[in-house]
Structure formats: structure tokens, C-alpha cells
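Below is one structure, written out as C-alpha cells, with a few remarks after it.
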Amino acid sequence: MRAVLSRMKEYSPQMSREDLILEYIPLVKYLAQRIASRLPQNVELEDLINAGVIGLIDAVEKYDPSKRIKFRTYAEFRIKGAIFDELRSQDVLPRSWRQKIKELEEAYLRLEQRLGRTPTEEEVAEEMHISIEEFHQSLKEVRSINFLSMDGLIDPTCADKGRLRDILMDPEEKDPLEVLGLAELREILAKAIDELPERHRLVVALYYYEELTMKEIAEVLGVSESRISQIHSQAILSLRAKLKKVFGRDAEGR
């Protein structure tokens, strides 16, 4: 699939609307599959693809080459946005997942505020009055959810890792987030990442920037894939806490 995506043509004024949509249908399917793979099994892939196609059509109709944004970047933004809208309308997260995420977030936030740094997993477990084994089990239960998204800053239904990459794009290159007035978010999030422990930063960099899989990162660092998943979840929870401190509000926009 990646080979197919790499051969996709960039926007050209000579391309018809229909040709452009057909050219980028593989991107819709790719993004929908990536998102669906991390969500409960009751989520229908076909629903996500249909929503993504609507996002693609929206991108084709609204794309403005004069803003010097690559069409693929803009299309990804619109496709994922439409898919996340569909997920929100379905409310796919079980209540137990939401509660577990909330408990973890609140523990990280309290410790971030108290310690002024990223807490260790032992400190979080102690704060939650659970054993380290129970803490690891909690991380396992919520690891399929990638918490960061541009919409409302934080959205627990956002399951595609590309959002963090989009937020942290090269500041010299305009992107949809800048067009929407969210360029400051990049700086805030970059600073938050810099404050993470070294191994957490490395996992974030390899996963979001280098686009390695959890298995590939495990091989690079010489640890198990489950351990990388734990570190990733801890990094994301810590980033959520850091962002909440900065914005002084519920990061889900409620």
C-alpha cells in the first residue's frame, strides 16, 4: 500500500475533479484501515471509508493552490477530519475505556503539577493506589487509543498517528493547521515533547516522525513490543497532562 501511495500524483490544474478523487481513493482506504485497526471491532471499516471519501471530495472542492499547501497534506487533513467526525457521531468508545483514560489522565495531571516533570510509572501507580502490574494492565487496556488530535486539541477517538506528525511539521512549510490559526499549538506541543524522558522522546520520534511500527521500534531499542507500547502510552498520557497545564482547561473541550 505504501508503494501505491508513494506513486500518487500531486495536484495539477490539468487534472479533472473525478481523476483527482480516483487518484486519492487509495489514500482514503489506507487512512481508514489504519484508524479502524485500533478501534473496537464493532466499528465498520466501510463506514470509515465512506466518511473518508466525503472528506476527500471536500478537499478537492476547497483546495486552494495559492496557499502553498501540498494537496496530499490538505487531503489527509480533510479525510481524517471526516473520519473522526464519523467516529464521534457513533460514540464508539466503551464507557469503561473512557473512565480508564480519565483516571490515568487525572493521575498524570496531578503529578505533573506537583512534581513539575514527567512522573515515573512507579509514581503514577502509587498515586492511583494500585500495583505496578495493575498500572501496566491499565496501559494495555487503553493502548489502542491514540489520544492526540487537532480537533479540540484532544480527542480520545483519534486513532491515527499522523495527527501528531501534522501538528509538528516543519515550521517553514505552511500546512492546514497554520491556515486554521493553530500554528502556536506546534510550539507548545514541541516543548512538551522536549520535556519527556529521553526514552519516551525517542519512541515518540520513531513512531510519529520516522513512522516505524511498535515492533520495529522494539527491535531498534532491544526491548519487547509490549514494553514499547507501554512507553508510548505513558508518553501520550504525559503529553495530555502537559497540554492541560498549559491551556488550563479540559483538553477534550468540555
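Values quoted throughout were computed directly from the atomic coordinates according to the rules given, and no laboratory measurement underlies them. What you see is a predicted model, and the numbers here were worked out from it, not measured in a lab. As a convention, Cβ positions derive from the backbone with ideal geometry for all residues, glycine included, and neighbour counts pool all protein chains shown.
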Determine, for His232, His129, His136, the number of other Cβ atoms within 10 Å of each Cβ, and report the residues in order from fewest to most. His129, His136, His232
With r as the distance between the Cβ atoms of Ser224 and Leu45 and R0 = 35 Å, compute the FRET efficiency 1/(1 + (r/R0)^6) and round to 0.05. 0.75
Packing-wise, with mean Cβ within 10 Å as the measure, how do 114-121, 103-110 rank, highest first? 103-110, 114-121
